[in-house]
Amino acid sequence: MAKPVSFTKTTEDGDILLDMVEPSFHSKSIETKGLYLKDAGSSKKIDYVLVYESCEEKENKDEEAKEEAMKHEEMRKAYENSLSDAGLIVERSECISSQDPEVKRHFVLLHAPWPVLAKKAEAMRLKVPFQENDIVFKSWMEKSIGSERMQSLRRRNPLIVQDPTLEDKGSYFMANFKETEVTKFINHHNKAEFFDNIDRIYIVQQICFNARFAEGRHGVGLRRMIYEGAYLAGYPLHDGPVNLEPEEEPSNNRQRLHRDWARFGRFYKFQPYGAIKDYFGSEIALYFAWLGFYTAMLVPLAIIGLIVFLYGIGDAASHIPVKDVCDKKNKDVWYMCPLCDRQCSYWDLASSTCLYAYVTHFFDNDWTVGLALIASVWATLFLEFWKRRQASLAQEWHTDDFEEEEEPLRPEYSATVTTLRKNEATGKMEPYVPKLTLYKRYGGVFSIIIFMIFLVIAAVIGVVVYRAAVFASLSGNKDKQIQTRARIITSATAALLNLLAINLLKFAYSKLAVFLTDWENPPTRTDYEDSFTWKMYLFQFVNTYASIFYIAFFKSGLVVGTPGRYKRIGGRFRLDGCSEQGCFLELCVQLLIIMVGQQIIGNVTEVVIPYVLYWLKRRKETKKDQTQYEHDYDLSPQGDHYMFWEYLEVVLQYGFVTMFVAAFPLGPLFALITAIVEIRVDAINFVSQFRRPDAARAEDIGAWFRILEGVTKISVLVNAFVLAFTSEYIPKLLYRMKYAPDRDSPGGATLTGYIDNSLASINLTYLFEQEPGTEPENVYENLNYTKGYCRYNGYFASTAPYKQNKQYWHVIAARLAFVFVFQFSVYLITGFIAYMVPDVPKDLDLKAKREKHLTKLAFKKKYDIDESNGDHHVLGDNEML
């Protein structure tokens, strides 16, 4: 897009005049080979590339391969004729494949001349600049300290790139392009550079996606051609090479992005969102804007979480229950019941759990409940402020009405839907699916999704049953070494089985989700992506968090049972309960492994695998002087729904941060570190490791925002239950208020005696009468046991039949009351915040009104009366863009 050098505006008679001095756009000193068509000199840029391969030797030897090649050749011929009929200039090039000298690699190079760009831009209601933005908004700080001091602060800000190579393109008012009014748009004299490169790519893509190669519902579009094998790939070109020689200045936008953004040395710098949008399109730029905003918002929460963790470390030594457990005087005071049948023996609480008690208090301390409350408020602030930021970006990038006005129908939808109805807004006849048909499809899709979710739950239950059965079997093995290692073997094999089930179901469901979304057949690409996102996320939510929920809520005594009344599978296999350190620390460890481990593995594979693949291809490449389109083909292709997987990784992390912050206060800190790394890893991949992705437009983050809202609401309930039922916060609070011996003392109640109060006892004779055959094989394995009873966690009577005592019901009531009060308080606070924070800044409303007013003046309201003649027109394949 051209930048005006001189600008004059007059408002007499409603006219707007623009005087331009045309700038120079390209440095001709360095030209990258393969960016322009050969036959047309260097004036016609390659907008898109199609690739296929042929092997004459294989075709001559194999009749079936020959028939397949002829079929593909006919498809390509028909398809490329459609592209030519649409006005694209088609040029062909070929080379020998570096991987196989017998294979020829063919490149179909596409260029859109001005008439095609103008016609399609008008049909697609593409927006282009017509006047420089004359509205300047000042921040409250700039108003307070003045513009000069603000500029001085910016020059000293370490978060800003002080030596940028990416230029600010300025801000403009924009209007829907109309060829008859082209002289009123900025840079109309330079038709070669009138449309931004990303807009050219977007227009050519839509032509490629809508071009026909055969009759029928499946005879349309580049995606179908690639699926059928007629082409291997289709992609826009990068601007040139990415690597620079030492001391060499960047000569293209790819190099500029790499220098200013796509490297780890810039991890603490602000991102150039405008330049990202101009190079990759608004969808990818919006992802990086959202990820950057999320990263910045994590900073205060990470600091608070770290403070809570450090408080737990400092307070652990003086915390009375920790002191009691670690006091050597209490050794042999609390003899605990076996943790499993037969193999496990009696054990001493004080000598076995001192370290565990210390570490657990690091996470589960008096400040944890405050952190959970702060995290819930933080999540609401994050969503509310992101809505404002998203609206600002949509207005700045002029995508705020894209989904309503500009987004084209999917060619697959247009080709398969035969019912037409009049669009009341445009007066045109458009494809339409009856509501009854839609509801039938929704019903079928929902049923399959529910079935798959239950399949995941069944897999988790299967692993639970497996643990119980295998542990019981190994415990009864005659081999003493196997008996000793029974718990380790069971846990390791169960984890592997769980990992296998998760990945198998994930692979199967990803294929199923694509099939279901294709069957549902949403009308636009945005609708398609939103539908696919909901299906996949619901499954991934259950798949990812199932094991966490199991440890948090289903391994405690409330579910597993207590001595004398353990829950058993088939009357034999005892359910797996928490180990000596308790459920809370086990939950923390599980969160640490899954949250941090997955992020590390994901980031390593995102960088290492594409780099290795590219390195292997370059090793086999014998041709030194490659063109840009040949070089780009060697880069890794973006997978299907690649933006879904990018969002999913971070949104799952957001779930860990918000839902389980009460169990893992360091979660926000780890999330902050991985988010910082994720930004640069993704930037490096997009700029250096992958082919340039297809241009995609978006006005918001789509279904992900509603998913984030849902996770935020669920997180309040999850944190409340973690604090109430998994943590010891409520029992300790109730003990101090009602049961502590010093509760009436002037200094207030303490936790003196809490450990002994929280342990019930059971007679061993009664225990093994109720559960015969479960007594330890080696009674003296851990200590010289001579007592007639053992202790266990819980509030139960000390005599048969050992039912729940009054304190048990007090604790249950207190836990439920806490869940209600916590949830109500958080929803009240967050609801008030959501009400007080406007979704759209007031400044944007003024700018939108100004732009609308100037558009009417400049174009004499022609856009307001467009299509007012009411002619009914059925969109053809080439118009459904």
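Listed by first and then second residue, the pairs with beta-carbon distance under 8 Å, at least 6 apart or on different chains, first residue in region 61-89 and open to solvent by less than 80 Å² (accessible area, probe 1.4 Å), second of a type in the set (Asp, Glu), are Ala65/Glu59; Ala69/Glu59; His72/Glu228; Met75/Glu228. The single condition among (1) within 21 Å of His106 (Cα to Cα); (2) open to solvent by less than 30 Å² (accessible area, probe 1.4 Å); (3) assigned to a helix (DSSP H, G or I) that Ala683 does not meet is (1).
Hey, could you check region 149-169 for residues that are acidic (Asp, Glu) and surrounded by 10 or more Cβ atoms within 10 Å (Cβ to Cβ) and say which is nearest to Arg256 (Cα to Cα)? Break it down stepwise before answering.
Looking only at region 149-169, we keep the residues that are acidic (Asp, Glu), and these are 163, 167-168.
Restricting the remaining residues to those that are surrounded by 10 or more Cβ atoms within 10 Å (Cβ to Cβ) gives 167-168.
Details: Glu167: 9, Asp168: 12 Å.
The qualifying residue nearest to Arg256 (Cα to Cα) is Glu167.
Name the single residue that is nearest to Ala302 (Cα to Cα) among those in region 657-678 being open to solvent by less than 10 Å² (accessible area, probe 1.4 Å) and not in a loop (DSSP other than H, G, I, E, B). Taking the candidates together, the pick is Pro668.
When you check Thr517 against the structure, is it assigned to a helix (DSSP H, G or I), modelled with pLDDT under 80 and β-branched (Val, Ile, Thr), yes or no? Answer is no for this residue. In this structure, is Ser825 within 22 Å of Leu349 (Cα to Cα), within 51 Å of the chain's Cα centre (by Cα), of a type in the set (S, T, N, Q) and not in a loop (DSSP other than H, G, I, E, B)? For Ser825, the condition - within 22 Å of Leu349 (Cα to Cα), within 51 Å of the chain's Cα centre (by Cα), of a type in the set (S, T, N, Q) and not in a loop (DSSP other than H, G, I, E, B) - is not met.
A quick yes/no check of all residues on (1) open to solvent by 80 Å² or more (accessible area, probe 1.4 Å); (2) over 28 Å from Tyr729 (Cα atoms); (3) not charged (D, E, K, R):
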| position | (1), (2), (3) |
| --- | --- |
| Leu816 | yes, no, yes |
| Phe832 | yes, no, yes |
| Met836 | yes, yes, yes |
| Asp843 | no, yes, no |
| Lys847 | no, yes, no |
| Glu851 | no, yes, no |
| Leu857 | no, yes, yes |
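In the condition set (1) out of contact with any strand residue (DSSP E or B) (no Cβ under 7 Å at 6 or more places or on another chain); (2) open to solvent by 30 Å² or more (accessible area, probe 1.4 Å), Tyr789 is compliant with all but (1). Residue pairs whose Cβ atoms lie under 7 Å apart, sitting 6 or more positions apart in sequence or on different chains, and linking a residue in region 91-103 that is under 26 Å from Lys44 (Cβ atoms) to a partner that is part of a loop (DSSP other than H, G, I, E, B), are Glu91/Leu37; Glu91/Lys38; Glu91/Asp39; Cys95/Lys623.
Do we find a residue being more than 30 Å from Gly564 (Cβ to Cβ) and among the small types (Gly, Ala, Ser) anywhere in region 351-364? Within region 351-364, none of the residues are more than 30 Å from Gly564 (Cβ to Cβ) and among the small types (Gly, Ala, Ser). The one condition from (1) modelled with pLDDT under 85; (2) assigned to a loop (DSSP other than H, G, I, E, B) that Ala492 does not meet is (2). Whether any residue in region 395-405 is open to solvent by 40 Å² or more (accessible area, probe 1.4 Å), modelled with pLDDT of 85 or more and part of a helix (DSSP H, G or I) is what I want to check. The answer is yes; a qualifying residue exists.
Would you mind stating whether Ala472 is open to solvent by less than 50 Å² (accessible area, probe 1.4 Å), part of a helix (DSSP H, G or I) and modelled with pLDDT of 75 or more? It is false that Ala472 is open to solvent by less than 50 Å² (accessible area, probe 1.4 Å), part of a helix (DSSP H, G or I) and modelled with pLDDT of 75 or more.
Residue check: Asp843 meets all listed conditions (1) in a helix (DSSP H, G or I); (2) modelled with pLDDT under 75 but one, namely (2). Pairing each residue of region 264-292 that is over 22 Å from Tyr235 (Cα atoms) with any residue that is of a type in the set (A, V, I, L, M, F, W, C) and part of a helix (DSSP H, G or I), provided the two are 6+ apart or on different chains, yields C-beta distances under 6 Å for Phe267/Ile676; Gln271/Phe288; Tyr273/Ala285; Tyr273/Ala289; Ala289/Leu393; Leu291/Ile679. Candidates are the residues of region 749-762 that are among the β-branched types (Val, Ile, Thr) and open to solvent by 10 Å² or more (accessible area, probe 1.4 Å); the one that is nearest to Trp334 (Cα to Cα) is Ile755. Inspection of region 695-710 identifies at least one residue that is in contact with a Lys or Arg (Cβ under 8 Å, 6 or more places away or on another chain) and not aromatic (Phe, Trp, Tyr). Among the residues making up region 431-469, those that are surrounded by fewer than 12 Cβ atoms within 10 Å (Cβ to Cβ) and basic (Lys, Arg) are Lys435, Lys440.
For every residue, the table says whether it meets (1) closer than 30 Å to Phe209 by Cα; (2) open to solvent by 30 Å² or more (accessible area, probe 1.4 Å); (3) hydroxyl-bearing (Ser, Thr, Tyr).
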{"site": "Val687", "(1), (2), (3)": "yes, no, no"}
{"site": "Val718", "(1), (2), (3)": "no, no, no"}
{"site": "Gly747", "(1), (2), (3)": "no, yes, no"}
{"site": "Glu769", "(1), (2), (3)": "no, yes, no"}
{"site": "Glu777", "(1), (2), (3)": "no, yes, no"}
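Yes or no, residue by residue, for (1) open to solvent by 30 Å² or more (accessible area, probe 1.4 Å); (2) part of a helix (DSSP H, G or I); (3) out of contact with any helix residue (DSSP H, G or I) (no Cβ under 6 Å at 6 or more places or on another chain); (4) at pLDDT 90 or above:
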position	(1), (2), (3), (4)
Asn243	yes, no, yes, no
Glu247	yes, no, yes, no
Ser251	yes, no, yes, no
Arg256	yes, yes, yes, yes
Arg259	yes, yes, yes, yes
Ala262	no, no, no, yes
Gln271	no, no, no, yes
Ile276	no, yes, no, yes
Tyr279	no, yes, no, yes
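The values are calculated or read from the model by the stated rules, or taken from the named source; none is laboratory data. Quick caveat, the model's predicted, so the values are computed rather than measured. Virtual Cβ from ideal backbone geometry, glycine too; neighbours counted across all protein chains shown. What goes into the accessible areas is simple: the full protein's heavy atoms, side chains included, and nothing from ligands, DNA or RNA. Shrake-Rupley method; radii C 1.70, N 1.55, O 1.52, S 1.80 Å.
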